[in-house]
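Attaching a single structure in structure tokens format; questions to follow.
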Amino acid sequence: MSGSSEPGTPGEPAINTPEPPINPRNCVEPGIDVGTQFAVMLPYSHSDKDAVHILDEELRALGMRVWLDEREMFLHVEEQMAEGINCSTLFVPCLSAWYEESRNAMKELRYAAEQKRPIVPIRLEDRKYSDMINFTTSGLIYQKCYNKSEKGLRSAAKHINRVLQDLNGTHESAPPAGSAPPAGLASEEP
């Protein structure tokens, strides 16, 4: 039938069709399991980017591949946030008042919890957090980096590294008795 507008008909222009949605599980290189492309996803508020860049540098100095929005997110924001979570071993939210105000940050935190990603919260401010953040992170050991010092962020990076080693079964020795805080309590910033 001549004059057909069916896509792919020889001699006829193709109809603009929307791109298929990105599959958040389709994020890995061949031979790499979901959850292992990145060691850490580091979500944060851009108001906290100076501290987060220090943490990112410390994590990468320890040999970790870090998902950071400015390196990994270009289009399709929500799909790429989901990909980042699905392709990362740890979800490490950098919590602050600004983080809490971000709808996308709250979506990421909920999605990471729903996907049962290990979460290691970094508290950048000494403040009362929302019930949603407290509920989602209840029972987790968090790092306090209230002054956002390089020393505190370096300590947080080392803690994250130990958590990854524990998850991977590569931690060489258990910490001495009494050195780790009970679940739900802070690990002190030096």
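The values are calculated or read from the model by the stated rules, or taken from the named source; none is laboratory data. All of these numbers come straight from a predicted model, not from anything done at the bench. Heads up, the Cβs are rebuilt from the backbone with ideal geometry, glycines too, and the neighbour counts pull from every protein chain shown. These area figures cover heavy atoms from the full protein model, side chains too; ligands, DNA and RNA do not enter into them. Shrake-Rupley method; radii C 1.70, N 1.55, O 1.52, S 1.80 Å.
Please tell me if ASN134 is within 20 Å of VAL52 (Cα to Cα) and either acidic (Asp, Glu) or surrounded by fewer than 17 Cβ atoms within 10 Å (Cβ to Cβ) (or both).
Spelling it out, it is not the case that ASN134 is within 20 Å of VAL52 (Cα to Cα) and either acidic (Asp, Glu) or surrounded by fewer than 17 Cβ atoms within 10 Å (Cβ to Cβ) (or both).
Now, a different point. Given the criteria open to solvent by 10 Å² or more (accessible area, probe 1.4 Å), closer than 18 Å to HIS159 by Cβ, modelled with pLDDT under 95 and small (Gly, Ala, Ser), does GLY3 qualify?
It is false that GLY3 is open to solvent by 10 Å² or more (accessible area, probe 1.4 Å), closer than 18 Å to HIS159 by Cβ, modelled with pLDDT under 95 and small (Gly, Ala, Ser).
Given the criterion under 21 Å from ALA39 (Cα atoms), in contact (Cβ under 8 Å) with a residue 12 or more places away in the chain, crowded, with 19+ Cβ neighbours inside 10 Å and under 17 Å from the mean Cα position of the chain (by Cα), identify the matching residue among ALA82, ALA113.
Just a single option satisfies the conditions, and that option is ALA82.
Please name all residue pairs, on different chains or six or more residues apart, with Cβ atoms under 7 Å, provided the first residue is in region 46-59 and is farther than 13 Å from ALA105 by Cβ and the second residue is open to solvent by 40 Å² or more (accessible area, probe 1.4 Å).
Within 7 Å, the pairs are ALA51/LYS148; ILE54/GLU150; GLU58/ARG154.
Take VAL77 and tell me if it is open to solvent by less than 10 Å² (accessible area, probe 1.4 Å), among the β-branched types (Val, Ile, Thr) and without any contact (Cβ under 8 Å) to a residue 40 or more places away in the chain.
no
Something else now. Among the listed residues ILE32, ILE22, identify the single one that is of a type in the set (A, V, I, L, M, F, W, C), at pLDDT below 90, loosely packed, with under 13 Cβ neighbours inside 10 Å and over 17 Å from the mean Cα position of the chain (by Cα).
That would be ILE32, the only listed residue that is of a type in the set (A, V, I, L, M, F, W, C), at pLDDT below 90, loosely packed, with under 13 Cβ neighbours inside 10 Å and over 17 Å from the mean Cα position of the chain (by Cα).
Only one residue in ALA105, ALA186 is of a type in the set (A, V, I, L, M, F, W, C) and either buried (at least 18 other Cβ atoms within 10 Å of the Cβ) or modelled with pLDDT of 95 or more (or both), so which one is that?
ALA105
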